[in-house]
Amino acid sequence: MPAAAARRPREPEAPRSRRGPGPKTRARAQPSLEHRILLTATLCLLAFGAVMVYSSSSATTVLQGQGNGSGYLLKFLAYGAIGLVLMRVLARDGVAKVQSIVGPLLIVSFALVLAVHVPHVGVAVNGARRWIGPGALQFQPSELLKLALVLYGATLLSGRSAHAGARPKGRSQRAWGELTRPLLVVAGGACLLVATEPDLGTAMVIAFTVAVLLVAAGVPQRNLVIITCTALGLIFLYILARPYARARLTSFLDPWAHPSGSGFQAVQGQIAIGSGGLFGVGPGASVQKIFYLPEAPTDFILAVIAEELGVLGVCALLSLYGLIAYAGLRTAKKARSLHSALIAVGTTSLILSQAILNAFAVLGLAPLTGVPLPFVSYGSSSLIVMLAAMGLLLNVAAGGTAHIQAVAPSRRSQRPGGPGDVREREPPRWSRDGSAEEDRDSRRRDGRARGAGSRGGRRAAG
């Protein structure tokens, strides 16, 4: 019998390809709904931008004898390819990777913005000194500074909010003021440096993004009102002190009073929008883009879209940004940690604030700021940085997180179990901190508690 059993052929194993995928494989193969919406909207905006950059620049470059009209398109595709590679890398494990370089990235960004103001280092274009670097390799450091501030703000607020939320109610206002002061000082210095380039639009985007981060972190309303009033007062003083800003504000209030001067760009944009009507004059048939509308491929590309594709084209474009807003906020709500949630909120507000400010300026609802339309306008720095920010948002949507250690309070610790002890109560939002290890431990504890609780509940009822 043993010999016969040894000679008996074994049943062939099922091939590996026929076996059903395990739970981990299925989880990786099926990204979340928010992840798919974000990726689809971004790719649609990039495709839309490539078409409109070519349409808005080809006729002018041909008439100026600068080639066959595809120069802007080829550069847009090249910068977009670099941005897509960076987005892919950050979408895999970006939140954990960038956590170790937040400080150096912020320092380098400030150093580059300062270098812009140095003579013979910064490059001046149309009266503004915003770029650095030679020729086609010119880079706008303020774009990198915006993303660095989002990462710095998310790290700072997530590391300290637990202690501020655990303070007694009588001291919570003062605690939040102490904990947000570093972020306000850094963001205020960044806005001041960027506004003196001059680039008031980027400074406004930074201010709005930081404000959204403070709201998402749970800063009390009283502190937010004080910060907002102070910021508005500083903006008003800046407008009064800078003739450039006063001219932009005057042309915004009545652009037709200076149709050939400070209001020329706004007037030409309104003419382009009015010429498009509901359905537009047709792709490539815009007239305003030919020597009438300044900066057609960059700041005023939305006016070309309105003229060629009409109101329906503009609404379709804005709906894609609406999808990013919806998926980005849902990603923040479902994030695994406060740090990841703040990164999702910060990157979403960074993209949306820039899109809203550009649309309002083109439509005549806000002063001209020179802010490009994300993923659509031509611009190397903006396109690469916006795709990098989208990569971080995709990583959060896929469940990415990083280990964030809470920062101890500035005053000496209270006795264990006292009112100042951070173990007394949980943080006000996202009851877990940024630690991935503690997040996994809490899920295990929750799973055991649910099983015990259900059985214990039946015994108590009986």
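Just a few scattered comments:
- Residue match in region 205-213 (condition: modelled with pLDDT of 85 or more and more than 28 Å from His117 (Cα to Cα)): yes
- Failed item, numbered, when Pro220 is tested on (1) farther than 16 Å from Gly364 by Cα; (2) modelled with pLDDT of 85 or more: (2)
- Filtered by the rule that a residue be of a type in the set (Phe, Trp, Tyr) and within 20 Å of Phe375 (Cβ to Cβ), region 286-309 gives a lone residue, Phe300.
- Residue ID - farthest from Gly391 (Cα to Cα), chosen from residues in region 89-127 that are at pLDDT below 85 and small (Gly, Ala, Ser): Gly127
Matching residues to (1) surrounded by fewer than 16 Cβ atoms within 10 Å (Cβ to Cβ); (2) closer than 21 Å to Ser380 by Cβ; (3) modelled with pLDDT of 90 or more:
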| position | (1), (2), (3) |
| --- | --- |
| Leu39 | no, no, yes |
| Ser55 | no, yes, yes |
| Thr60 | no, yes, no |
| Gln66 | yes, yes, no |
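- Residues considered: Ala164, Ala190, Ala175. Of these, the only one that is modelled with pLDDT under 90, of a type in the set (A, V, I, L, M, F, W, C) and buried (at least 24 other Cβ atoms within 10 Å of the Cβ) is Ala164.
- Candidates Ala355, Ala359, Ala388 - the one that is farther than 17 Å from Ala195 by Cα, in contact with a Pro (Cβ under 6 Å, 6 or more places away or on another chain) and hydrophobic (A, V, I, L, M, F, W, C): Ala355
- Selection within region 212-240 - among the β-branched types (Val, Ile, Thr) and farther than 21 Å from Asp199 by Cα: Val215, Val219, Val225, Ile226, Ile227
The values are calculated or read from the model by the stated rules, or taken from the named source; none is laboratory data. Bear in mind the structure is a predicted one, so any value in this text is a computation, not a measurement. We place every Cβ from the backbone using ideal geometry, glycine too, and count neighbours over all the protein chains shown.
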